[in-house]
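> Sharing a structure with you now.
The values are calculated or read from the model by the stated rules, or taken from the named source; none is laboratory data. Keep in mind it's a predicted model, so treat the numbers as computed, not measured. Note that we place each Cβ from the backbone using ideal geometry, even for glycine, and neighbour counts take in every protein chain shown.
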Amino acid sequence: MSFHACVWLDQRHAKIFRIGAMTAEMQSVTDDRPEHHLHRKADHVGMGTLEMDQELLHEIAENLGSAEAILIMGPGKAKTTFKAYLDEHFPELAHRVWDVRASDHPTDAQIVAEARSWFRAQDRMH
């Protein structure tokens, strides 16, 4: 069964929403690695940033399965890192990503409402 999916993610967590016209189901995926405090040093570009866990990215992708349309949302670099991961490791899934959008830390209801509204507008164009 195909569905529209919205993925909201940051560096350590992802929420995967299967969105229908009247219903939405959410699954949560978390990076279980221990948190480390990273020290940033001046004049060292990229130092002090935690790379996203490849297992987390893989698990998110696996949970998207038969989604016919995918919207990726989130703060920072996580959303573009995930899209690049899909491009490299799940190219068929990557072709079903309709957009990658910046989003702070909305509630689950706000994510669903924004995604549903966005998909309605896009469905008219596709």
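> When region 83-126 is examined, which residues are found to be in contact with a helix residue (DSSP H, G or I) (Cβ under 8 Å, 6 or more places away or on another chain) and either of a type in the set (Val, Ile, Thr) or in a helix (DSSP H, G or I) (or both)?
LYS83, TYR85, LEU86, ASP87, HIS89, LEU93, ALA94, VAL97, VAL100
> Go through (1) at pLDDT 95 or above; (2) in a helix (DSSP H, G or I) for ILE70 and report which single condition fails.
(2)
> Here's something else I'd like to know. Quick check on this structure: which one of LYS83, LYS79 is touching a residue at least 60 places away in the same chain (Cβ under 8 Å), farther than 17 Å from ALA21 by Cα and among the basic types (Lys, Arg)? Talk me through it step by step, then tell me what you get.
Numbers: LYS83 fails: touching a residue at least 60 places away in the same chain (Cβ under 8 Å).
Of the residues listed, the single one that is touching a residue at least 60 places away in the same chain (Cβ under 8 Å), farther than 17 Å from ALA21 by Cα and among the basic types (Lys, Arg) is LYS79.
> Hey, among the residues in region 14-24 that are of a type in the set (A, V, I, L, M, F, W, C) and assigned to a loop (DSSP other than H, G, I, E, B), which one's modelled with the lowest pLDDT?
Going through region 14-24, the residues of a type in the set (A, V, I, L, M, F, W, C) turn out to be 14, 16-17, 19, 21-22, 24.
Then drop every residue that is not assigned to a loop (DSSP other than H, G, I, E, B), which leaves 21-22.
On the way: ALA21: 77, MET22: 84.
It comes out as ALA21.
> Please determine whether any residue of region 36-44 is farther than 24 Å from ARG116 by Cα, modelled with pLDDT of 85 or more and loosely packed, with under 12 Cβ neighbours inside 10 Å.
The answer is no, given that none of the residues of region 36-44 is farther than 24 Å from ARG116 by Cα, modelled with pLDDT of 85 or more and loosely packed, with under 12 Cβ neighbours inside 10 Å.
> Output the residue which, of all residues in region 64-83 that are out of contact with any Lys or Arg (no Cβ under 9 Å at 6 or more places or on another chain) and surrounded by 14 or more Cβ atoms within 10 Å (Cβ to Cβ), is farthest from ALA113 (Cα to Cα). Steps first, answer last, please.
Step one: filter region 64-83 for residues out of contact with any Lys or Arg (no Cβ under 9 Å at 6 or more places or on another chain), giving 65-66, 75-77, 80-83.
Right, trim to surrounded by 14 or more Cβ atoms within 10 Å (Cβ to Cβ) and you get 75, 81-83.
Working: PRO75: 18, THR81: 24, PHE82: 22, LYS83: 22 Å.
Of everything passing the filter in region 64-83, THR81 is farthest from ALA113 (Cα to Cα).
> Something else now. Specify which of the listed residues (GLN54, GLN27, GLN11) is touching a helix residue (DSSP H, G or I) at 6+ places or on another chain (Cβ under 7 Å), closer than 20 Å to LEU93 by Cβ and at pLDDT below 95.
GLN27
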